[in-house]
Amino acid sequence: MAADPLSLPPQPVPDAVTAPFWAALAEGRLAMCRCGQCGLWLQPPLERCRRCAGPTRFVDVAGTGTVYSFIVQHRATVPGYLDDLPYVVALVELDEQAGLRLPARIVGVDPAAVHCGLRVRAEFADLPGGEFTVAVFRPVDSR
Amino acid sequence: MSHALAGAAVVGIGRSPFVRSSGRTTLSMAAQAAREALADCGLTAADVDGFTCYSTGDSAGPSQVAHAIGVDDLGWSLSVLGGGNIVTSTVAGAAAAVLSGQAEVVVVYRVLGSQTRYGRALERVEVDGEGQFAGPHGYLVPPQWFAMYCRRHQYEYGSTAADLGAIAVQERDHAVRNPHAVARSPITLDDYLNSRWISEPFRLFDCCYEIDGAVAIVVTSAERAADLPHRPVHLLGAADSNRFGGSVDQWDDLSCMYSRDTAPRLWSRTGLRPADIDVACMYDCFTFTVMATFEDFGFCAKGEVGDYFRAGRATYGGDVVVNPHGGLLSEGYIHGLNHHYEAVLQLRGDAGDRQVSGAETALVTSGAGPFGGALVYGTAAL
Ligand SMILES: [Zn+2]
């Protein structure tokens, strides 16, 4: 479809366990895997809880979190976003559980203004390629 | 103190040329390194009954390489899936095979051809597994992962670009005296600071030099080693640690690495401590890997690595010589097995211009982030 193979970022390949994550995003929800028995959040998702072996399900999260760490990508090493260089990717620690992190692009801010501890909120964006929605994060005070 | 692995020794070392682009197959290069390692210790294919390698599914396997150098019947063959994280387990596994009688003489190798370049993934169109959460955001390759670690360390401990640069400059300075290294031109701190951004806070000179080449080492019992030509290099102990299923993103504290857990295990098993180490071949896929693991192994406190290197404590005449060959940053990236080659050369006293005088112990680390390991070699069994 794309003339330039570098124009699209890598597309996710959902599996039997991760499919609900992508299905939720397609509906404009950010949902993470959680144990239905003990309440532990699990990322990456598992079919059964690693702590109590209870069944898991995907539960909506608030979509708020903190930048735990981040990089500013200057060089084209991964396909996609080449017109957006330099772009920012962060590990966002979600408010639901200490250490529960999602890698995500940070939008709506000068890369020089991003810092560890920055409060961010999820919003939804079409993944170039047309088949998936992703959650990106924007500083909470930027609009 | 005696460790269970202390009856094993490395008796032979071999390697192919290290070059940017060899035009050769992984089988050709691995066979060359294996032949050279056997010739080095005066053994032949007829003496070898074990072969093992680690790879990411990108190289000729142990039985192929053994066959290619004339081994007719391999009694122990083990192909391990993994990278820097698994080097220690692979070498220690070879020693365990020898000590348990499954094999008498084992060749351990790693080979990298031009088809393997971990620093970029421009051909990737799809990602499964944990990568499916990161890849769509343009976040997929090791320089990005460990730049993320580095940033967190800078935030928590105030480490700086100049601290990373001190590591890059020191390793390059060591490579100047290593004819086998691919990058031998000295660099200054300014050169480092002026090198282009890759994944900020990483610049070009924070990243290892990816090349083609192979390294092989020969492991056998200390008893057999006594009859072979070189001073045997004994395995004094090894330890690994694996947490978070290998997830670089979920590892709990990005200011440190697997070595936080490996180090106490290794020191406890060997009865040694950092002050006992003469040569430290620190796995250096990136400058920051050296910084984090050097702290974790207890050579200095958090945030002090830059000062340690600037004070000359990580080179000749200092406390410990770190990567006398120039490491993966400057000798070249053979996925950490070249660190074992260098450690053996140093402990034999055969390192020529770059010999660490009186070297009796060498720490060799491998891995980064949530998993990895380390071992100690010595000139005398514990
Ligand atoms: Zn549970």
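Is there any pair with a first residue in segment B:121-133 that is more than 7 Å from chain A (Cβ to nearest Cβ) and hydrophobic (A, V, I, L, M, F, W, C) and a second that is surrounded by fewer than 18 Cβ atoms within 10 Å (Cβ to Cβ) and in a strand (DSSP E or B) whose Cβ atoms are under 7 Å apart and which are 6 or more apart or on different chains, and what are they?
Correct list of pairs: empty, since none qualify.
Looking at (1) within 16 Å of the ligand (Cβ to nearest atom); (2) in contact with a Gly (Cβ under 7 Å, 6 or more places away or on another chain); (3) closer than 15 Å to A:Val134 by Cβ, find the lone condition where A:Tyr81 falls short.
The one condition A:Tyr81 does not meet is (1).
This table checks each residue for (1) aliphatic (A, V, I, L, M); (2) over 23 Å from B:Gly326 (Cα atoms).
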site: B:Arg269; (1), (2): no, yes
site: B:Arg273; (1), (2): no, yes
site: B:Ile277; (1), (2): yes, no
site: B:Tyr283; (1), (2): no, no
site: B:Thr287; (1), (2): no, no
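Which ones in segment B:70-116 are open to solvent by 70 Å² or more (accessible area, probe 1.4 Å) and under 20 Å from B:Ala60 (Cα atoms)?
Across segment B:70-116, the qualifying residues are B:Asp72, B:Asp73, B:Leu78, B:Ser79, B:Leu81, B:Gln115.
Would you point out the residue of segment B:6-25, among those that are open to solvent by 20 Å² or more (accessible area, probe 1.4 Å) and under 23 Å from B:Thr88 (Cα atoms), that is modelled with the lowest pLDDT?
Selected residue: B:Gly7.
Could you look through segment B:343-360, keep only residues that are part of a loop (DSSP other than H, G, I, E, B) and touching a helix residue (DSSP H, G or I) at 6+ places or on another chain (Cβ under 8 Å), and pick out the one that is surrounded by the fewest Cβ atoms within 10 Å (Cβ to Cβ)?
B:Glu360
Which ones in segment B:29-59 are free of Cβ contacts under 8 Å to residues at least 40 places away in the same chain and open to solvent by less than 50 Å² (accessible area, probe 1.4 Å)?
B:Ala31, B:Ala45
Any idea how many residues of segment A:46-61 are away from the ligand (no atom under 13 Å from the Cβ) and either within 13 Å of another protein chain (Cβ to nearest Cβ) or among the charged types (D, E, K, R) (or both)?
1
Collect the residues in segment B:230-270 that are assigned to a loop (DSSP other than H, G, I, E, B), closer than 24 Å to B:Tyr149 by Cβ and open to solvent by less than 50 Å² (accessible area, probe 1.4 Å), keeping them in residue-number order.
B:Ser247, B:Val248, B:Asp249, B:Gln250, B:Trp251, B:Asp253, B:Leu254, B:Ser255, B:Cys256, B:Met257, B:Tyr258 - these are the residues of segment B:230-270 that are assigned to a loop (DSSP other than H, G, I, E, B), closer than 24 Å to B:Tyr149 by Cβ and open to solvent by less than 50 Å² (accessible area, probe 1.4 Å).
Check segment A:10-25 and report whether any residue there is open to solvent by 60 Å² or more (accessible area, probe 1.4 Å), more than 13 Å from the ligand (Cβ to nearest atom) and in a loop (DSSP other than H, G, I, E, B).
yes
Residues of segment A:26-45 being in a loop (DSSP other than H, G, I, E, B), within 16 Å of the ligand (Cβ to nearest atom) and either touching a strand residue (DSSP E or B) at 6+ places or on another chain (Cβ under 6 Å) or within 25 Å of B:Pro142 (Cβ to Cβ) (or both), which ones?
Correct list: A:Gly36, A:Gln43, A:Pro44, A:Pro45.
Within segment A:110-143, count every residue that is over 14 Å from A:Ala90 (Cα atoms) and among the small types (Gly, Ala, Ser).
Count: 4.
Name the residue that is nearest to the other protein chains (Cβ to nearest Cβ), counting only residues in segment B:181-221 that are open to solvent by 30 Å² or more (accessible area, probe 1.4 Å) and among the acidic types (Asp, Glu).
The extreme case among them is B:Glu200.
Does at least one position in segment A:33-44 carry a residue that is open to solvent by less than 50 Å² (accessible area, probe 1.4 Å), more than 8 Å from chain B (Cβ to nearest Cβ) and not hydrophobic (A, V, I, L, M, F, W, C)?
yes
Are there any strands (runs of 3 or more DSSP E) wholly within segment A:65-131 with 3 or more residues that are more than 7 Å from every other protein chain (Cβ to nearest Cβ) and surrounded by fewer than 18 Cβ atoms within 10 Å (Cβ to Cβ), and if so which?
The strands (runs of 3 or more DSSP E) meeting that bar are A:119-126.
The values are calculated or read from the model by the stated rules, or taken from the named source; none is laboratory data. Quick caveat: nothing in here was measured; it's all calculated off a predicted structure. We place every Cβ from the backbone using ideal geometry, glycine too, and count neighbours over all the protein chains shown. Accessible surface areas use protein heavy atoms only, side chains included; no ligands, DNA or RNA. Shrake-Rupley method; radii C 1.70, N 1.55, O 1.52, S 1.80 Å.
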